[in-house]
Each structure stands twice: as structure tokens, then as C-alpha cells.
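The values are calculated or read from the model by the stated rules, or taken from the named source; none is laboratory data. Remember, predicted model here, so these are calculated numbers, not experimental data. When we count neighbours, we look across all protein chains shown, and the Cβ atoms used for this are built from the backbone with ideal geometry, even at glycine.
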Amino acid sequence: MSEAVQTSEASEARLTNGKTLPVEDVLDILRLILRVEPLDVLLQKVVDTISDAFGIKLVSLGVIDEKTGMFCPRAMHGYPPDKEVVIKRHAYTLERMKHDLSPEFKIGRGCYYVRAEDQVIAYGDDADYIMNSDLVDVKRESSSDWHELDFIDFVMTDRIGNWIGWIEIDEPLNRKVPSREAIDRIQILSDLAAIAIENSKTYEEAVNAMTDSQAYLDLIVHDIGNMVSPLSYYLGTMKEANTLNGKDVEYLDNSLAVSMSMKNLVDNVRKFSEVRASESPLRERYVLRNVLTECCASVRRQFPEKNVQVNLDCPVAVSPILADELIFDLFSNLLNNAVKYSSGGSAEIDVTLIEGYSACTVRIEDRGRGIPDSNKERIFTRFAKRPDGIAGTGLGLSIVALLVARYNGIIVVKDRVPGDCTQGACFEVSFPKVFPQSSESKSAHDAISLSASLDGPSADLRKA
């Protein structure tokens, strides 16, 4: 008999017999956790159910963060709120997990019982799970007694056996080691919870895919609508003209340019959908100075009936960001909005590019009717109500918000003149910079810290 098996049997012997729930009650629990619910709601129900059903005072549950590959606590039961906040900041590597749950502690297929006497290395974050430090040095009187440093972990795996999380018993209510029968039933719940977690993630991915698909459709409808308006204007002007003079030729050229923009938009959305279907979105380096130069020129063509003045203030040399061709739509929508909200026959827009240490920030200020404080949070929602007299579908800013999130950016709206919304609006969009040695993964890391380290105020164009 191997040493690991001997240890496992010895650990099993330490588990005492006790009272457990009838099978029908366990089946009710299974039906509960197998419902399709948002992931955090599901995880909290799992720990609450285990606590109520098996008399567990302290339970924690963690899952792997697929973006970072780290295991993080996501749901807890029995801990004070301040303890929960601290513990949920923890993150563990797979190596740390497997070190803590080495084979010698295994007492079942996916269950590990780590006794206080078996713990050799103590990590600083382990202390956050201790509720009564006075009991740490107290020795257990019998093998059935629970020690303050004991814990039982049930490892959750996906369909191919990869570790995706854990359920941890940190303290039974009666401070006795749970019975073998209770352990077995919690193991079943752990296995089913793992399936439910995978199902929940699949469900969320499906919902997100449907939301994105609708957003792409909104993008086509909204931007083609913006392009059709000037096209109609140019064609109408040509119709009213009696001869094809030099001005008519200019109108025709502008009409053809807008038509080409419509075609390019549809092509971009098609590419965007193909990229979205791939595992990792394809992003390339774009210099915002070049993007803004093209978009500022484009907005003047979009509103030939208005005197549009765009004051562009950009450094000559600026670091690139990671984006795709829809970066043009993002800024075109913001600039178009600035013109639409400017009353009369003219519109003046200030566009400023500020490069900070880790982020590039674009500030777009108009002198239109402004946005009241009560509406500032709602303007990025789809089909947001537009003020009377403003044409459009109400989709533009929701598309902007979608694209900003796609590029790991941040967008905020303010008053151009602080405290006076009637003097116009100011949109600030910030993106993580690409440093010389950066790859996309480096930029993703910068994006995580963008909100904490943001140091700035919040012809054809080719990629940098």
C-alpha cells in the first residue's frame, strides 16, 4: 500500500459519524444550484446552502479568473463584512493551490483535509481566515475535534479535469470534524457546483454574444444613418442645380466619398465580427493624433450645411494605443454628437490630446446645450432619450461606450465649464499606452491599472 493511500485512509479515520440531511433535501439543494443564474449569485447560494444544510459556520468558495489564471475567493458565508473584503483581495496561483493541497492530504476524489498539525509553511494571507486567534495554540483533545487552523477543501474541476475552483470548510458550527457521509455529500455538491459554474459561464458568454451582436447591428444602423443624411443633402443640392459646374462636381465627389465610407463601415463590422469570433481580438497600434486628424476632417464633410470649426491640439509625437479600425467610429460619433448639439449654423469643437505616463487621454469639448447632471449617467445606455430637435436614433453614445470598453479604456462626461452644464459638454476618453517593449498582453496589464494610475485629465489614415 502506497504512502499516499495510507495517509488518505488515516485521514478518513479521523472523520467522525454525524447527522446528515435526508436524500430528498439534498436533491432540493441540487436543483437550487443547477438553476441558470448570474455567476456571483450562484456562488453565494452554493456557500449559503452548504452552511445551512451541513451546519458549517464558515465557508468560502473561489474560482479561477480566466483572464489572469489566478484563483480568487468569490463567495463567503459566516465572515464579517470587513473580513470578506480582505479575503476577496487574495489571489492564488495554481502552483500555490497544488502546494497547499498536496496528495498526502487527499481523503477523497476531490477532497483534501489539511490539519493544523500537518501545516508546515504559513502564509501571511492565511491569518485572514482565522476568527479566533486565541485558539491557534490550543491542542485538540481528540481526533474528532476541529482545530482553528484546520480546513477541508473540495476542488472543483471542469469537464477535462482542470482545476477551476474550490469550496472550503473553514469551521463547522459544532467545531467537530464533519462526518464521512457529510463529506461525501458536500463532494457531490462540489462536483455539481463545478458543472453549474461552467454552465453559468457559458450562459453569460451567450448573453454577451447576443448583446454584442445587437450592438454591432446598432453600429451599422446608426453610422449609416449619419452618412445617409449628408449624402441626401449633396444629391438634393445637385438635383436643384441646373448645370454641372465646378461646384456640382465637388458635391458629387463628396457624395461618392460618403458612399465609400458606408461601404467601409460594413466591411469593418464584418471584420469586427470575425475578430470577435476568434479567441483573441486582433488589435494593432494606432496613433491617436492620426485618428483624430482624419475624424476632424471627416466631421466637416458630414455637416456641409454648418460652419464647423474644430480646434485640434495634439503633441507632434505621441505613443500609440492598441485598437482596430473601429477606433475611427468611436471618435466620429463623439464629434458628430458635438456638432448636432451645437445650435445655429455653426459649431466650434475643441479636441485636445494629452499623453500621460501610462495613458493617452482625448478631451472633446463642444459649446452646445450641454448635458444636465441627471442625464450624465444615462447617456451611454442604448436608445437613450434625445432632446427635442436633435435627430438620431439614440445609439451613438452606447456604441462609443462599447468601443471604449473594447479597447480597455475609460470614458467620462463633464461640463465644459464646471458647474454650468448649459455652456457645453466635455467628453474625456482615456486608453492605456503601448510602451516600446509592450505586447498586447502588456497593454492588457496596463488597462487593469488604468483607473488607478491615470495621470492625464481624465486623406486615408493608416495604422502606426
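Residue 98 passes all but one of (1) under 30 Å from the mean Cα position of the chain (by Cα); (2) under 17 Å from residue 50 (Cβ atoms); which number fails?
Going through (1) under 30 Å from the mean Cα position of the chain (by Cα); (2) under 17 Å from residue 50 (Cβ atoms) one by one, residue 98 breaks only (2).
List the number of the failed condition for residue 95; all other conditions in (1) at pLDDT 85 or above; (2) among the charged types (D, E, K, R); (3) over 22 Å from residue 177 (Cβ atoms); (4) not in a helix (DSSP H, G or I) hold.
Evaluating residue 95 over (1) at pLDDT 85 or above; (2) among the charged types (D, E, K, R); (3) over 22 Å from residue 177 (Cβ atoms); (4) not in a helix (DSSP H, G or I) leaves (4) as the failure.
Out of everything in the stretch 275-295 that is in contact with a helix residue (DSSP H, G or I) (Cβ under 9 Å, 6 or more places away or on another chain) and modelled with pLDDT of 90 or more, what residue ends up being nearest to residue 360 (Cα to Cα)?
288
Applying the selection to the stretch 304-318, what residues are part of a loop (DSSP other than H, G, I, E, B) and either in contact with a Cys (Cβ under 9 Å, 6 or more places away or on another chain) or at positive phi (or both)?
The one that is part of a loop (DSSP other than H, G, I, E, B) and either in contact with a Cys (Cβ under 9 Å, 6 or more places away or on another chain) or at positive phi (or both): 318.
What tally of residues in the stretch 350-367 results from selecting those that are out of contact with any helix residue (DSSP H, G or I) (no Cβ under 7 Å at 6 or more places or on another chain) and crowded, with 19+ Cβ neighbours inside 10 Å?
Number of matching residues: 5.
Which one of these is in the same structural domain as residue 429 (by TED's automatic domain parsing) and closer than 15 Å to residue 427 by Cα: 357, 341?
Sole residue among the options that is in the same structural domain as residue 429 (by TED's automatic domain parsing) and closer than 15 Å to residue 427 by Cα: 341.
Please find, among 199, 174, the residue that is under 28 Å from residue 89 (Cβ atoms) and either out of contact with any Leu (no Cβ under 9 Å at 6 or more places or on another chain) or modelled with pLDDT under 90 (or both).
199
Could you tell me how many of the residues in the stretch 134-161 are in contact with a helix residue (DSSP H, G or I) (Cβ under 9 Å, 6 or more places away or on another chain), of a type outside the set (Asp, Glu) and within 27 Å of residue 39 (Cβ to Cβ)?
The qualifying residues number 7.
Please work out if residue 298 is among the hydroxyl-bearing types (Ser, Thr, Tyr), within 36 Å of the chain's Cα centre (by Cα) and either at positive phi or at pLDDT below 85 (or both).
Considered against the rule, which asks whether it is among the hydroxyl-bearing types (Ser, Thr, Tyr), within 36 Å of the chain's Cα centre (by Cα) and either at positive phi or at pLDDT below 85 (or both), residue 298 comes out as no.
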